[in-house]
Amino acid sequence: MKLKSGSIEGFEGYSQFKSVKEFNTHVEMWLAVKKQEFSKGELVGLKRLVRFSAKVPGVSNAKIGTLLKVINDEYQGNGISRSTFKRMIIKAREFGILTIYETERKNGSQSSNLYCFNRFPASEPPKVKKLDQPKETSNPLKTNIKKNTKRNEAPIELDHNFVSDKVPQAFIQLVKYFFSDAKTIEEYWHMVQIAAFRFEIGQHTEDILAIAIQSFKQLIRKLKSTKHVVKPIAFFYGILTNKLKELYLDQFHENRNESKQLRYVLETGEVMYYDWLHTES
């Protein structure tokens, strides 16, 4: 059943978030684990949809044409195509990031879709089932060929020796004892980069590495003491963010007498400021 179109305020009941801040945090978590699945153009479309989902946190009924026009203006005529935007929507829905509802006008004609962002789950979200999948052939020969092909195409898992040079060796040497494959180690370090970027403290490389190692050790202690950590990488990101926030606030106190502001950048591009001279003790 299609929803009746209307103003965005009428869809507040579809929001899963209490505030824009909470919504942005969940978007950051989604991007931390799924960003690499999107092309650059698709990410542009996704982030623009995020910005159009601020009035009612996590919900938007903006027309695709409107979104594409804003993107095109922002990039001075070098925007993205409608097909790119639609590919992004399909991927986001399959990954569980978005739930999409069709809407219709009073006369029954189709209106713009309602895009509802989902919370980042404690466990890996189920992917949306694709409809109209072809049935498996009843021909035994063809079936065996398909199964053999799938086995041959199985990805080769690379160990810690193949981790990117961008990941510090000290971090690799610690993580490899618990997660040995290269992709997992790189994903954990990617979380570190995201958190450091949020607080704009990327220049403190030694401090960031030390905090990343401390955070990972704390994660392992948690994993050893309880079975309730369903998504370890998300738990690691939470520990890491809290520790980097402490470093961020240390900078705040060291520089509070300077006439400048400290910036805090969200993954969505939104920037928050702390003013040294106008913040209470």
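The values are calculated or read from the model by the stated rules, or taken from the named source; none is laboratory data. The shown structure was predicted, so the numbers you read here are calculated from the model rather than taken from an experiment. Cβ: placed from backbone, ideal geometry, glycine included. Neighbour counts: every protein chain shown.
A residue that is at pLDDT below 90 and either assigned by TED's automatic domain parsing to the domain that holds N242 or in contact with a helix residue (DSSP H, G or I) (Cβ under 6 Å, 6 or more places away or on another chain) (or both) cannot be found anywhere in the stretch 11-28.
Filtering the stretch 1-58 to residues that are free of Cβ contacts under 8 Å to residues at least 60 places away in the same chain and of a type in the set (A, V, I, L, M, F, W, C) leaves M1, I8, V20, F38, L43, V44, L46, F52, A54, V56.
Residue-by-condition table, conditions (1) more than 22 Å from the chain's Cα centre (by Cα); (2) in the same structural domain as G45 (by TED's automatic domain parsing); (3) modelled with pLDDT of 90 or more:
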site: G65; (1), (2), (3): yes, yes, yes
site: K69; (1), (2), (3): yes, yes, yes
site: N72; (1), (2), (3): yes, yes, yes
site: R87; (1), (2), (3): no, yes, yes
site: K106; (1), (2), (3): yes, yes, no
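Determine whether the stretch 112-125 contains at least one residue that is among the aliphatic types (A, V, I, L, M) and modelled with pLDDT under 80. Scanning the stretch 112-125, I find at least one residue that is among the aliphatic types (A, V, I, L, M) and modelled with pLDDT under 80, so the answer is yes.
Among the conditions (1) touching a Lys or Arg at 6+ places or on another chain (Cβ under 9 Å); (2) under 30 Å from E186 (Cα atoms), R105 misses just one, which is (2). Any idea how many residues of the stretch 156-193 are closer than 18 Å to L219 by Cα, surrounded by 17 or more Cβ atoms within 10 Å (Cβ to Cβ) and in contact with an Asp or Glu (Cβ under 7 Å, 6 or more places away or on another chain)? Of the residues in that region, 0 qualify. Restricting the first member to the stretch 90-104 and to residues that are on the phi > 0 side of the Ramachandran plot and not assigned by TED's automatic domain parsing to the domain that holds K63, and the second to residues that are of a type in the set (F, W, Y) and assigned to a helix (DSSP H, G or I), no beta-carbon pair is closer than 7 Å while six or more apart or on different chains. Residues in the stretch 84-104 that are in contact with a Gly (Cβ under 7 Å, 6 or more places away or on another chain) and either among the hydrophobic types (A, V, I, L, M, F, W, C) or not in a helix (DSSP H, G or I) (or both): F85, M88.
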